[in-house]
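Taking it in order: structure first as structure tokens, then the write-up.
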Amino acid sequence: MKSLLRRVILFGLRRPGLAAFLSLLALVLAALPILAASFSADITRMLPSGSESERACAVLLNSGLFNQSAVLFTANTEEQLDAASSGIDRIADEIAAVPGVTRVDNRFLPDDLPATLASFQEWIPQFQPFSGLDAAGIVSSVKRKILLGGFASLVLADPTGFAASKLATLEQFRSASSFRLKDGETAIVSPDGLHRLLLLETNVSAADTAGGRRLMDDLESILAKHPMTGVRADLLLAHAHSIENERVIKADVKLACILSILLFLPAILFLFRRDLRALAIPVFPAVISLAAVGLLAIPGEPVLLFVTATGGLVIGLAVDYGVHVYMTMQTPCPVRRLIRIAPSLLTGAATSAAVFLLLALTPIPGVRQFGVFIGISLLASLLLTLLLFPSILIRTKKPLPKPRPLKTFSPKLACGICFGLMALFAILAGLRLNVRTDLRQFDAAQEKLSATADAVERLFLDGPAQGVLAVPGKDANTVLMSAGLICDTFLEKDPEIEGRMFSPSFLIPPPFDAKKSAREINLASWRESFDYDSFAKSLRAAAEEEGFEPDAFDPFLASLKRGLESPDLDSYPEVLAPVLNRILRPAADGSGWYAAIFLPQSAIAKHRPGVGTRQPVPYDILGAVAISRADIPVQIVSDMKSAATLPVILAVLSVFAIAFVFFRSVRDSLCAMIPVAMALLTVCAVYAVLGKPLNLAAEISLVLLSGLAIDYGVFVIGSERSAANPYVFRAISASALTTAAGGLTIAFAGHPLLHEAGFALIPGVLAAWGAAALLLPSIRRGFANQSKPAADKLKTILLVLVPAFHMFTTSACHSLPYEYEPIPPLMETDWPLFRDAVQPPDEPMKPFAFQGKVTFEYKFFKQATLCAVSYNESGELRVAAFSPSGGKIFELAGTKDALADYWFMPIDFLEGHEEEAAGFILADFFHIFGGLDPWRGVKTGATENVKDDSRIVRREPAGDDGGELVSEFWGPKLPVMGKYYFKNETIDWQSWYFRYIVIDTTIFPEIIVYDNNKHGYRLILTVSDLFEDSEP
Amino acid sequence: MTSKPVLRILTGLLFVGASFAFAGEVSVQTEPEPQEAEAKAGVPNTAELLANIANFKTLRTKFVQTKHLKAFKKPMVLNGELCLDRPGKRFAWHVEKPLQYSCIIANGKLTQWDADSDKTVSVPFSKYPMLEMLSDAMTAFASGDVKALEKDFEAAAAKDGTVVLKPRSERFAASLITEVELTLDESKTKIVKVRASEKNGDVTELVYSDSVFDSDIPDAFWQAKQK
């Protein structure tokens, strides 16, 4: 390896022109694939390949079943919406003509119902097999219905009741999908009469950013053309996420380029005393990163835009090599020295590159691409720098200032400072660090767009959102057949879900085999067995006999005849089309078809296919995927948790392994790891102190820091061992400065993923530099002078690993198991409302009663129990807990001030402590359920302020021990989201409220996490049944 | 109270609580049963009745356990499925609602899991011999095998064919339970309901449905962790 590096350096020096030409040629060839590359801002590429969440998201995008494309019109009054009705109709007509829009649904039911019912009859021969038509029976049935008060026009339009039966099935869709509309409205109007929806269907894929942008522009211009008084129009396009993400990332790439120029050029000119040759240092990694983008495009996969935006990082990391080469070339015998330090440089680069290339083993495509991009860029940057830079520097030599040796001081003091800081950071991180793995936080468009989507859901959905099974197939027939089979199996296993499930196979008869549609088979049976003329004659005769006009049934007969003679086998009846077109449709990429089966989420969970499920419905055999809005975020968190930890562990292990291979010494390798440990612990501590959860972006930065900090360690230890580079202090200082500058280029990015990665990098780099430049030489010299190396090794290992282990274990224990939904921003009008609300005097809590679950966690122990809790008007709280097998564990009752009664199941070790334990549990429950409501129980002296424009924070004195209770509210209209009880500047207990049950005017927490910090345990409460009175 | 005893108490409570409430009824002592009075009153002969029930090898049944608490108006209801394999000495108790929980007693150990904590805890009988007695008691109650319980309970048949078990006064069970009533099906051979009245006024009912006897029980039922 050493001779290869020697050859590279000497070739560059002897034939600089040829070396430059060959390099340029290689770079151009590598960059060429960019011309044919596709770029993507798809955030789902950050999901682990093959994971449940990735499959679900792929179906979400490709099936078209979940395209949330709509225009929501909002009026202040019902009259304003009525007045805007004709305008909205015009808008609907114009939108229907927009290229890319294949369908606009403006009405759920047609205006002319009798005409629609009459036209429905032509579908009879397709939708049901022929089994005879009794003319006399039909006429007498119609007569009976009319006599019983039926509308004659409707009954005559649908004499067989066929249309009515399909409409009844359609009604089942409304209840199964929880979709609700204003009664008596044919348009899609919300029950409050203030909102109207236009549902759009497009053939533009949600991932097609360019097409989506064109579509959005067209729609916006139509809406701008038709302003309506008092009515606001909001566009809800499935494409908006990719458009917004791409916009943000493109802006970030521009910002990163500008910042790179603004930060690197002055920094380099400053560091190298206005030597213009030094400006070549960032040029090498810059052109390499461009070529590396081309290499990423070769496998044919789309190149992720946020990966390309990390080019600034490559420059920040790879300028180190240029800095080292520059410094070395200023020393006496520069080429010889350069050849001597080249292996060290290569080891550093290889270590960093190996760390990044190891990311290629992770299951997350985005992280894989990021790892490959940085890994290749680093290695290639070093080679290019070694090849071309010495020839630039050797011609005009400029003397450098006298080298500054590494400072050393007492090894004991250095060790004390280093490990003291590490322990402090580890404790800080262990106490407060949370981990957040929900990928939705990196969707730049999430916050902006979720408000409208949530509004649509809130306005038009009644009850819990249903789960959906997306059933794929090669064509509509196959899909219908699969959907029919799955529904039958579900109903067989779980008859209770009948009426709460809906499938397109309920509206269209599923075929018996996939070769021919049931509609064709039914039609053939009618054509073969049904004599239309004879039936028409009998019907007219029967009608006359029953007192009808002879031609009373002619519209029905004409429709039936049309259905027999010129059937439309490719479309659906007008009334069914809006629903069927959405739940039975071709895939966006043309690969087949999808059908959506709606069913309760609990049924999906209960019958999920798998070895451990006792009543599985093997829908996965047919390729169906469960999509549940509630489950997908949970699944993402779960998938990411396992996928995101691996890169950090691999990074730490690999840097140690490579350092060991280079040094062949455990002691030196562990010493070289000190900057790594310091950098990781510092980032975790910074996140903990700021109260920010550690996320995927920060974890990527931890990997990056591992690769970077080991470089510092290797350079310093290498320099200590061979004294080859007298400029090592200056080199790693310059490197830290440029890397921090690289971090800054993305720390200001608008995209959360880039911003977080840059934010985490800066403190880590500074910590790694501090450990490497200021402490490491003393520590290493101290250890080298010790007479008992074995004991030193052990000491080093323990000192480095124990704090790190402590941090990882404790931080994992303290991560929250749930995440908050996005908090709506506070409106200006909310603040005075809240001020008024908190003024009333101290009022007691509202009575409540519920049954639910409590999971008790203490260190690594976890156990779930059941509970019944009630709080009555007289202020008495009653709690009973049961084992999951139903055995009662304890029951207690008392007020906030006194324990009244308690019972515990007899257990030896509890003897003598029953009362104390009961009082202790009672206090916990009062902590949790007291002060839920911002309107009640406010203490005198309470103060409030607004936090992050979305939360109201109230501080009030609490308890008799001088404590302070801090409560955060979701604005004035919803109750508490978190409570913290401070005493003596520490948090005694804290409680988080993640979800609420809302029943009419009652709002009650559904998921609560309570930490008793005093005793170090956690309770996770889930309310399953909330009762109206105060007796559960 | 300092944190350590409190935690020990809570941890211990939850662990013990996770076992069945029948734990206290297991002990050893036998007494003869009076049967003459029954014959005089025209009620079924207890000995004959007891001889015919619980004559099965395996049972798989859905259950609804309703717990009426004296101090609470609304009963607490648990739904699930239980399996018994008497020759294999295996017992499975799977709760589906209101939380997913499984307790498997098999192969000389008790294994329990719940979806909320997603933790599987296994305790070998060798470490806690009491668990083996607990296992026997649970099997006996769930299957209606009164003969196995006669050490602690006095059994009597009522006119309607139910079997009432009253704890013997000197046994530990008497400090917790007033009586246990077993309801049999029409054939008087299979148990369909267990109703336990406790000293503190609480009543627990366990109602079986869709019972399948002597069939092969799939392996999934003997796994504690459910997907």
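Grab the beta carbon distance between A:Leu22 and A:Leu269, set R0 = 22 Å, and tell me the FRET efficiency rounded to 0.05.
0.15
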- Item | Per-residue ³J(HN,Hα) for the range A:773-779, Karplus 6.51 cos²θ - 1.76 cosθ + 1.60, θ = phi - 60°, Hz, x for Gly and Pro | 7, 9, 10, 4, x, 5, 4
- Message: Give me the one-decimal nm value for the distance between modelled label points at A:Lys2 and A:Glu545, 7 Å along each residue's Cα-to-Cβ direction.
- Response: 11.3 nm
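Tell me, what is the FRET efficiency for B:Val164 and A:Asp488 to the nearest 0.05, using R0 = 45 angstrom and their Cβ-Cβ distance as r?
Values: r = 45 Å, r/R0 = 1.01.
For R0 = 45 Å, the calculated efficiency reads 0.50.
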- Note on the structure: For the range A:162-305 the mean separation of alpha carbon contacts under 8 Å (6+ apart) over residue count, i.e. relative contact order in percent, is 12 percent
- Query: So how much accessible area does B:Phe56 have, in Å² to the nearest 10, using a 1.4 Å probe?
  - Reply: 20 Å²
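Taking a quarter of the surface of the convex hull around the Cα atoms of the range B:137-227, what do you get in nm²? Kindly include the intermediate steps, with their values, before the conclusion.
Numbers: hull surface 31.2 nm².
For the range B:137-227, averaging the hull's shadow over all directions gives 7.8 nm².
Which of the pairs A:Lys474/B:Lys225; B:Lys73/B:Lys199; B:Lys57/B:Lys225; B:Lys97/B:Lys188; A:Lys692/A:Lys846 have their Cα atoms more than 28 Å apart in this structure?
Details: A:Lys474/B:Lys225 36 Å; B:Lys73/B:Lys199 18 Å; B:Lys57/B:Lys225 25 Å; B:Lys97/B:Lys188 30 Å; A:Lys692/A:Lys846 34 Å.
Distance filter (> 28 Å) returns A:Lys474/B:Lys225; B:Lys97/B:Lys188; A:Lys692/A:Lys846.
Once you average over the residues of B:68-79, how many Cβ atoms of partner chains fall within 10 Å of each Cβ? Walk me through the numbers before you get to the answer.
Details: counts 0, 7, 1, 11, 11, 8, 10, 3, 10, 3, 5, 0.
Average per residue, whole number: 6.
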- Per-residue SASA entry for A:Ile9, accessible area with 1.4 Å probe, Å² rounded to 10: 0 Å²
- Total accessible area buried between chains A and B, 1.4 Å probe, in Å² to the nearest 100? 4900 Å²
- Task: Step through the table entries A:Lys888/B:Lys74; A:Lys493/B:Lys193; A:Lys979/A:Lys1014; A:Lys606/B:Lys67; B:Lys127/B:Lys193, compare each Cα-Cα distance with 26 Å, and write down the pairs that go over it.
- Result: B:Lys127/B:Lys193
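Multiply the residue gap between A:Asp570 and A:Ile997 by 0.36 nm, knock off their C-alpha separation, and tell me the result in nm, one decimal place.
Length gained, A:Asp570 through A:Ile997: 149.3 nm.
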- The answer for the range A:260-360, accessible area per residue at 1.4 Å probe in Å², is 32 Å²
- Message: With a cap of 14 neighbouring Cβ atoms within 10 Å, and only residues DSSP puts in a loop, list the trypsin sites (Lys or Arg not before Pro) found in the range A:201-299.
- Response: A:Arg273, A:Arg274
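The values are calculated or read from the model by the stated rules, or taken from the named source; none is laboratory data. Only a predicted model underlies this, so the values are computations on that prediction, with no experimental measurement involved. Methodologically, a virtual Cβ is constructed for each residue, glycine included, from the backbone with ideal geometry; neighbour enumeration extends over all protein chains shown. In case anyone asks, the SASA skips ligands and DNA or RNA and just uses the protein heavy atoms, side chains included. Shrake-Rupley method; radii C 1.70, N 1.55, O 1.52, S 1.80 Å.
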